[in-house]
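Novice: The following block contains the structure, expressed as structure tokens.
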Amino acid sequence: MSTKELTIGFVGNPNCGKTTLFNAYTGANLKVANWPGVTVEKKEGAMRFHDDTYKLVDLPGTYSLTSYTMEETVTRQYILSDDVDVIVDVADASALERNLYLTLQLIELGKPIVLALNMMDIVQERGMEIDLHRLPEMLGIPCVPVSARRKTGLEILIHTVAHHKDKAQGEKIIHHHDLEESRHKDVEEHHKRYAMVYTDDVEDKIDEIAARMKEAYPEIGNLRWHAIKILENDQEVKKKYPLDFSDILDRDYEKEIINQKFGFIEEIIAECVVNRSRRMESTDRTDRLMTHPVLGLPVFLLIMAGVFFLTFTVGDWLKGYFEVALEWMTEAVTDGLVLAGAGEMLISLITDGIIAGVGGILTFLPNIFILFLALAFLEDSGYMARVAYVMDGIMGKIGLSGRAFLPMLLGFGCTVPAVMASRVLENRRDRMKTILITPFMSCSARLPVYVLFSELFFADKAMIAAFSMYVLGLATAILSAYVMKLADRQKNSNMLLIELPEYKTPNAHTIRVYVWEKVKDYLSKAGTTIFVASIVMWVIMNLGIHGFTTDMDQSFGAAIGKVLTPVFAPIGLGYWQIVLALISGVAAKEVVVSSCSVLFGIGNVTTGAGMGNLSALLESMGFGALNAYALMVFCLLYVPCMAAVATIKKETGSWKWTAAMAVFQILTAWTAAFLIFQIGSGIMR
């Protein structure tokens, strides 16, 4: 095979640095975070090495070749196919004992494999050493030390891959076992050929199964791997090769095989890793507080409160400069259009529609930037995995595992990847429940609504009002899941199995990629969805049955809003402008703010003068702080944006289920806003 056709698959445990290594080679700006479950689909890229082009595939993290979750199934199916030529097994060298179980399974596949010992910089920092001569002897494959973060060892790794592409078995395997104790006839040959050699009774079973499979399926490849899988009661392999092994499988061998693998791993670590006792204990000390059964949740809430304190204080300070720039731009464009002799309709469209709508949203960019910067630090430091662990007890009581909290955490950023991340769950029932409650988590698109209305009506308590939305969204999600658990008669058997990575200093490149991707998405939405929505909103607010009108009460938009006003009146939102703004928010939640600017005829609504004018206008209509809070709650809980709805349809495969979800969320939003407004009105009487 020509090296120009070489396809390299990157495989490894979650959080081992696969995607960081993949990005280092391809330059791809894929999401990288220091907690499991980020890569839920295989990603492809390309790189040049000498004169050849290699295809690189970043596969979802997996702990073994036994498929439990959707992401593990994706990885297994791909590496078993003929599409991959060389497997790069990326292992966290600082936690080698946790990573070698997958390595031993990959070696048994019989395909060309190179072990990339990633995070060697951390190994050195901890005073540990790895015997890079003995390790390849025991595993029989090349072992290359690298640091994806510091981009060291990358040239050697790809060079090794290029030269190892045709070798299913690499280095000479040298075991230090007393072979005289074995009664197996092929024991010496096995130790020469295989890295992992089991006890005599297990090896006998493997040989018997392999012989029977070879007789029935002479074309089958790698008989040993298939025989081991049969012995482990692997349902996929048994279904593909439906032979009767009842006379051979006299008991359950899966746990025995697992234990023997880990026994061999202990031998490897004992012989190849030096100074393990010097590992830093700072993670354990920190986790005594971060994962404390009682204090863990309050610590998480305090950290998130700190995030929103920064989002408001630093973000609003920077936002002031954006507002000044927006005022200057509006005046300059207006003066330019007047000098050019543009008509009143065109001037209104550009200044009151496009600039007021899109520009108003762009002024919130500093708040969005600070929010994502803080979340990126938390993710890359290793803290987010602890949150899932802390929440496991609560999630268990509502019928889900702590793993379901990972997609919910992503929902703080954007509902679309959060819904896709539900694939980390093992069964469809749990995925559907998680998809249903994830949109209740307050995504960043809702932040402009919180900032605007909390600063309008809650002054120095604005940060508290906005932060309460995040707590309320989390509480609503948990309550909804609990109600579903009561209605679901199936017994919950979820158990959280998640690796808690070592705390580390966030990587500047990873932070930069993460934040830039989020900011770019925000700007892209401002230039597309919000731009179009602002124009559409201006059109329906300035056109009526008699054509162009400056009286919005005579517009098509007013007619639509007034029809629905009675439905929203009981929740304190019985104003046709507010109703229409909420409808427009289905396109994108930020549009609620830009729509308010257009609907109330206030240019630069986010500036000091604009907010003052809007506040006075709303108060003159009888719209006060309680109405504003009800609006924020409704915006938090009602149907997510169209992009999220389309993603939910794709993940569930059902428009009927997606429509039912939308109705459920609208009813939940209406009910919550109704309770808040009616109870609040009763207290204030």
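The values are calculated or read from the model by the stated rules, or taken from the named source; none is laboratory data. As the structure is a computational prediction, the values presented were derived from the model and not from experiment. No Cβ is skipped: glycine too gets one built from the backbone with ideal geometry, and neighbour counts run over all protein chains shown. Side chains are part of the model used for accessible areas, which takes the heavy atoms of the whole protein and leaves out ligands, DNA and RNA. Shrake-Rupley method; radii C 1.70, N 1.55, O 1.52, S 1.80 Å.
Novice: Taking the stated definitions as given, is Asp85 at pLDDT 85 or above, open to solvent by less than 10 Å² (accessible area, probe 1.4 Å) and of a type in the set (D, E, K, R)? Walk me through it before giving the result.
Specialist: Details: at pLDDT 85 or above: yes; open to solvent by less than 10 Å² (accessible area, probe 1.4 Å): no; of a type in the set (D, E, K, R): yes.
The answer is no for Asp85.
Novice: Another question about this same structure. Determine which member of the set Ser594, Ser615, Ser620 is hydroxyl-bearing (Ser, Thr, Tyr) and within 29 Å of the chain's Cα centre (by Cα). Break it down into steps so the answer makes sense when it comes.
Specialist: Numbers: Ser615 fails: within 29 Å of the chain's Cα centre (by Cα); Ser620 fails: within 29 Å of the chain's Cα centre (by Cα).
After ruling out the rest, the residue left standing is Ser594.
Novice: Counting only residues that are within 24 Å of Phe412 (Cβ to Cβ) and either open to solvent by 60 Å² or more (accessible area, probe 1.4 Å) or modelled with pLDDT of 85 or more (or both), give me the helices (runs of 4 or more DSSP H) lying completely in the range 596-685 with at least 2 of them.
Specialist: Values: elements: 608-620, 625-637, 642-652, 655-684.
Those helices (runs of 4 or more DSSP H) span 625-637, 642-652, 655-684.
Novice: A further question follows. Here's a check for you: in the range 535-577, which residue that is modelled with pLDDT under 85 and of a type in the set (Phe, Trp, Tyr) is nearest to Ile679 (Cα to Cα)?
Specialist: For the range 535-577, the residue satisfying everything is Phe556.
Novice: Is it fair to say Asp178 is modelled with pLDDT of 90 or more, more than 35 Å from the chain's Cα centre (by Cα) and either open to solvent by less than 20 Å² (accessible area, probe 1.4 Å) or more than 25 Å from Lys229 (Cβ to Cβ) (or both)?
Specialist: No.
Novice: Being over 18 Å from Leu362 (Cβ atoms) and either open to solvent by 30 Å² or more (accessible area, probe 1.4 Å) or in contact with a His (Cβ under 7 Å, 6 or more places away or on another chain) (or both) is the filter here; which residues of the range 575-595 pass it?
Specialist: Tyr575, Ile583, Val586, listed by residue number.
Novice: Please identify the pairs in which a residue from the range 194-207 that is closer than 22 Å to Glu137 by Cα has its Cβ atom under 6 Å from the Cβ atom of a residue that is of a type in the set (Phe, Trp, Tyr) and at pLDDT 90 or above, counting only partners at least 6 apart or on another chain.
Specialist: Close Cβ pairs satisfying both conditions: Met196/Phe264.
Novice: Same structure again: So in the range 310-335, with the set limited to residues that are under 18 Å from Pro448 (Cβ atoms) and aromatic (Phe, Trp, Tyr), which one is least open to solvent (accessible area, probe 1.4 Å)?
Specialist: Per the stated criteria, the residue is Phe312.
Novice: Within the range 658-685, count every residue that is in contact (Cβ under 8 Å) with a residue 24 or more places away in the chain and of a type in the set (Val, Ile, Thr).
Specialist: Our first condition is that a residue be in contact (Cβ under 8 Å) with a residue 24 or more places away in the chain; within the range 658-685, this holds for 661, 664-666, 668-670, 672-674, 676-678, 680-681, 684.
Then keep just the ones that are of a type in the set (Val, Ile, Thr); that gives 666, 668, 676.
Summing the residues that are in contact (Cβ under 8 Å) with a residue 24 or more places away in the chain and of a type in the set (Val, Ile, Thr) in the range 658-685 gives 3.
Novice: Hey, another quick one. Please work out if Val273 is touching a strand residue (DSSP E or B) at 6+ places or on another chain (Cβ under 7 Å) and either loosely packed, with under 13 Cβ neighbours inside 10 Å or among the β-branched types (Val, Ile, Thr) (or both). Don't jump to the end; show me each part of the working.
Specialist: Details: touching a strand residue (DSSP E or B) at 6+ places or on another chain (Cβ under 7 Å): yes; either loosely packed, with under 13 Cβ neighbours inside 10 Å or among the β-branched types (Val, Ile, Thr) (or both): yes.
For Val273, the condition - touching a strand residue (DSSP E or B) at 6+ places or on another chain (Cβ under 7 Å) and either loosely packed, with under 13 Cβ neighbours inside 10 Å or among the β-branched types (Val, Ile, Thr) (or both) - is met.
Novice: Quick check on the range 428-460: of everything there that is closer than 20 Å to Ala660 by Cβ and at pLDDT below 85, which residue is least open to solvent (accessible area, probe 1.4 Å)?
Specialist: Within the range 428-460, the subset closer than 20 Å to Ala660 by Cβ is 428-441.
After this cut, where a residue has to be at pLDDT below 85 as well, the list is 428-430.
Working: Arg428: 118, Arg429: 65, Asp430: 5 Å².
Checking each candidate, the answer is Asp430.
Novice: Take the range 488-513 and flag every residue that is of a type outside the set (D, E, K, R) and either at pLDDT below 70 or within 18 Å of Leu400 (Cα to Cα) (or both).
Specialist: We begin by selecting, within the range 488-513, every residue of a type outside the set (D, E, K, R); these are 490, 492-498, 500-501, 503, 505-511, 513.
If the condition is that a residue be of a type outside the set (D, E, K, R) and either at pLDDT below 70 or within 18 Å of Leu400 (Cα to Cα) (or both), then Gln490, Asn492, Ser493, Asn494, Met495, Leu496, Leu497, Ile498, Leu500, Pro501 are the ones that fit.
Novice: Among the residues of the range 158-166, is there at least one that is open to solvent by 20 Å² or more (accessible area, probe 1.4 Å) and within 29 Å of the chain's Cα centre (by Cα)?
Specialist: Within the range 158-166, the first condition is being open to solvent by 20 Å² or more (accessible area, probe 1.4 Å), and the residues that meet it are 159-160, 163, 165-166.
From what is left, the residues that are within 29 Å of the chain's Cα centre (by Cα) are none.
No; the residues of the range 158-166 include none that is open to solvent by 20 Å² or more (accessible area, probe 1.4 Å) and within 29 Å of the chain's Cα centre (by Cα).
Novice: Let me ask something else about it. For the range 110-146, enumerate the residues that are within 31 Å of the chain's Cα centre (by Cα) and farther than 18 Å from Leu56 by Cβ.
Specialist: Leu117, Met119, Met120, Asp121, Ile122, Val123, Gln124, Glu125, Arg126, Cys143, Pro145
Novice: Which of (1) open to solvent by less than 20 Å² (accessible area, probe 1.4 Å); (2) under 25 Å from Gly413 (Cα atoms) does Gly572 not meet, given it meets every other one?
Specialist: (2)
Novice: Taking the range 562-590, which residues are farther than 19 Å from Tyr629 by Cβ and of a type in the set (D, E, K, R)?
Specialist: Of everything in the range 562-590, those that are farther than 19 Å from Tyr629 by Cβ and of a type in the set (D, E, K, R) turn out to be Lys562, Glu590.
Novice: I've got another one for you. Identify all residues within the range 555-571 that are among the hydroxyl-bearing types (Ser, Thr, Tyr) and within 18 Å of Phe634 (Cβ to Cβ); write none if there are none.
Specialist: Of the range 555-571, the ones among the hydroxyl-bearing types (Ser, Thr, Tyr) are 555, 565.
Once the filter is applied, which keeps residues that are among the hydroxyl-bearing types (Ser, Thr, Tyr) and within 18 Å of Phe634 (Cβ to Cβ), the range 555-571 yields only Thr565.
Novice: Go through the range 122-137 and give me each residue that's within 16 Å of Ile156 (Cα to Cα) and either in a helix (DSSP H, G or I) or touching a residue at least 60 places away in the same chain (Cβ under 8 Å) (or both).
Specialist: Within the range 122-137, Pro136 is the sole residue that qualifies.
Novice: If you check Leu223 against the conditions, is it touching a helix residue (DSSP H, G or I) at 6+ places or on another chain (Cβ under 7 Å), under 28 Å from Met384 (Cβ atoms) and open to solvent by 30 Å² or more (accessible area, probe 1.4 Å)?
Specialist: Numbers: touching a helix residue (DSSP H, G or I) at 6+ places or on another chain (Cβ under 7 Å): yes; under 28 Å from Met384 (Cβ atoms): no; open to solvent by 30 Å² or more (accessible area, probe 1.4 Å): yes.
Taking the combined requirement at face value, the residue does not satisfy it.
This table checks each residue for (1) modelled with pLDDT of 80 or more; (2) more than 17 Å from Phe308 (Cα to Cα).
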position	(1), (2)
Val358	no, yes
Phe364	no, no
Met391	no, yes
Val424	no, yes
Ala462	yes, no
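Novice: Enumerate the pairs (first residue in the range 228-248 and in contact (Cβ under 8 Å) with a residue 24 or more places away in the chain; second residue anywhere and of a type in the set (Gly, Ala, Ser) and outside any loop (DSSP other than H, G, I, E, B)) with beta-carbon separation below 6 Å, excluding pairs fewer than 6 apart on the same chain, so at least 6 apart or on different chains.
Specialist: Sorted first by the residue in the range 228-248, then by its partner, the pairs are Leu243/Ala216.
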